[in-house]
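Quick notes on the structure that follows.
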Amino acid sequence: MFVIVDGISADVIEKLDTPNLDAIAKQGGYTRAYVGGVNDGYSETPTISAVGYSSLLTGTWANKHNVWGNGIKDPNYNYWTIFRYAKEHRPEIKTAIFSTWLDNRTKLVGESLPQTDHLALNYHFDGFELDTLNFPHDEDRKYIHKIDEKVVNEAARYIKAESPDLSWVYLEYTDDMGHRYGDSDQFHNAITIMDQQIGRLFKAMEFRQNNYGEDWQIFITTDHGRDKETGKGHGGQSERERLTWIVTNARDVNDYFTEGTPGIVDILPAMLRSLEISPKRDRAFEIDGVSITGRLSVSDLKASVLGKELTLNWKCYDDNEKLKVYLSTQNGFKNGISDFYKLVKKVKASNSSTTINLGEYPSNFYKIVVAGKHNSTNSWIVLE
């Protein structure tokens, strides 16, 4: 299960009493994280709700998934969501979405669309923001709190009764209170309510674990932080707008999770591992995240160019491992076409850096992948 609780920067969650999040983190861990892609770089991504959801769902930044705002105008479904991976690789997996927003399912996941090969979920419970009869829209946005309560109650019920293999729960009320009141008692109270709701979801998971011997992982995060001045806004690239967090009960969190600063894109690779799904190479090379659970070969890839010399730097996790460096000057993938990657170098992981002469591969655009035994990571170079 993954849960997005909207619009809570890490500095706020850390100063409030959140006993249920704390109990989950005791089993796995808590870390500060980030959204927004590479600041001032090719993957800079607005710190906006639907954009963040899409980064989690696909493990990519907006330069790939192409969701730039809450209008969700033209998602690039060539970058698969976790639900598409699940259905393509393991069709027997049961899937569910519990959400205020209808768009989460119909636009971001793209259920039933030809672009997603008519992806079908097993269950959905969403779209209640459109039900003004049962949830009259009031100025204080209390109706969103009522919807979140309904969503959580149904998610807990369905988990206990049906045990979906992959589920997404989305809760909105915290962001509404942030927008309306900023850093305030009202916002903090909404976070207290959220923590209680997380507790109900976790109890449903524990019911399945205790009574059916099932293995459950939960990943809880937020989609963006808030502005430093008032706490009401977001969307930009300030430190606080990019500052998020992740809580999980996964017992195999790795050094990247505990000692580094993961991004929202790093949750998808962990979910793929939990579901025992290994994407084909052309898809794995496009995923911007690296797993926050299990063994890693490489992370934190940085690429820079001076003249004709490409310099790569990375963090390694096994000094004895050899890494392969691949280069592509194509980007057909965004149009559904596999790109040709040339193996340009093999290097010791412990070197933590290498250089490549781009004069041998003339182009204004490069996709770089560094791959090891346990994972790969990628970067782009876009020359003017």
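Given +1 on the Cβ of Lys and Arg, -1 on the Cβ of Asp and Glu, and no further charges, what dipole in debye does the range 226-283 carry about its Cα centre, rounded to the nearest 20? Kindly include the intermediate steps, with their values, before the conclusion.
Details: 10 positive and 10 negative charges, 43 e Å.
The calculation lands at about 200 debye.
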So the angle from the long Cα axis of helix 185-212 to the longest Cα principal axis of the chain, reported in degrees to the nearest 10, equals 80 degrees
Taking the alpha-carbon centre of each part, the distance from the range 287-353 to the range 83-144 in Å is 35 Å
Labelled set [x] 30; [y] 22; [z] 17; percent of Cα pairs over 38 Å apart computed from this model equals the value at [z]
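For the pair ARG295 and LYS26, what calculated FRET efficiency results from E = 1/(1 + (r/R0)^6), where r is the Cβ-Cβ distance and R0 = 30 Å, to the nearest 0.05?
Working: r = 23 Å, r/R0 = 0.77.
Once rounded, the FRET efficiency stands at 0.85.
Counting other Cβ atoms within 10 Å of each Cβ, which trypsin sites (Lys or Arg not before Pro) in the range 12-76 have at most 15 and sit in a DSSP loop?
Numbers: sites: LYS15, LYS26, ARG32, LYS64, LYS73; in loops: LYS73.
When the trypsin sites (Lys or Arg not before Pro) of the range 12-76 are filtered for loop state and at most 15 Cβ neighbours within 10 Å, LYS73 remain.
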Under a 1.4 Å probe, counting only protein heavy atoms, TRP314 has an accessible area in Å², nearest 10, of 20 Å²
Going residue by residue through the range 10-25, the Karplus relation 6.51 cos²θ - 1.76 cosθ + 1.60 with θ = phi - 60° gives ³J(HN,Hα) values, rounded to whole Hz and with x marking Gly or Pro, of 5, 4, 6, 4, 6, 9, 9, 7, 10, x, 6, 4, 5, 5, 5, 5
To the nearest 20 debye, the chain has a Cα-centred charge dipole, built from +1 on Lys and Arg Cβ and -1 on Asp and Glu Cβ, of 1360 debye
Excluding near-sequence neighbours (fewer than 8 apart on one chain), the range 333-381 holds lysine pairs with C-alpha atoms under 23 Å apart numbering 10
Here, LYS15 and ARG281, labelled 7 Å along Cα→Cβ, have an inter-label distance in nm of 5.1 nm
As straight-line cross-link partners of LYS228, the qualifying lysines (C-alpha separation under 30 Å, not fewer than 8 residues apart within one chain) are LYS15, LYS26, LYS64, LYS73, LYS142, LYS146, LYS302
Per-residue accessible area, 1.4 Å probe, largest first, puts THR132, THR311 in the order THR132, THR311
So, with points 7 Å from each Cα along the Cβ direction, the LYS308-GLU360 label distance in nm works out to 1.2 nm
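Per-residue ellipticity at 222 nm for the chain, helices alone: DSSP H runs ≥ 4 residues times -39500 (n - 2.57), over residue total, nearest 500 deg cm²/dmol?
Details: 12 runs with 116 residues, N = 384.
The helix contribution divided over the chain gives -9000 deg cm²/dmol.
The values are calculated or read from the model by the stated rules, or taken from the named source; none is laboratory data. Just so you know, these numbers come straight off a predicted model, no measurement behind them. Every residue, glycine as well, gets a Cβ built from its backbone with ideal geometry; the counts of neighbours run over all protein chains shown. Calculation scope for accessible area: heavy atoms of the full protein, side chains included, ligands and nucleic acids excluded. Shrake-Rupley method; radii C 1.70, N 1.55, O 1.52, S 1.80 Å.
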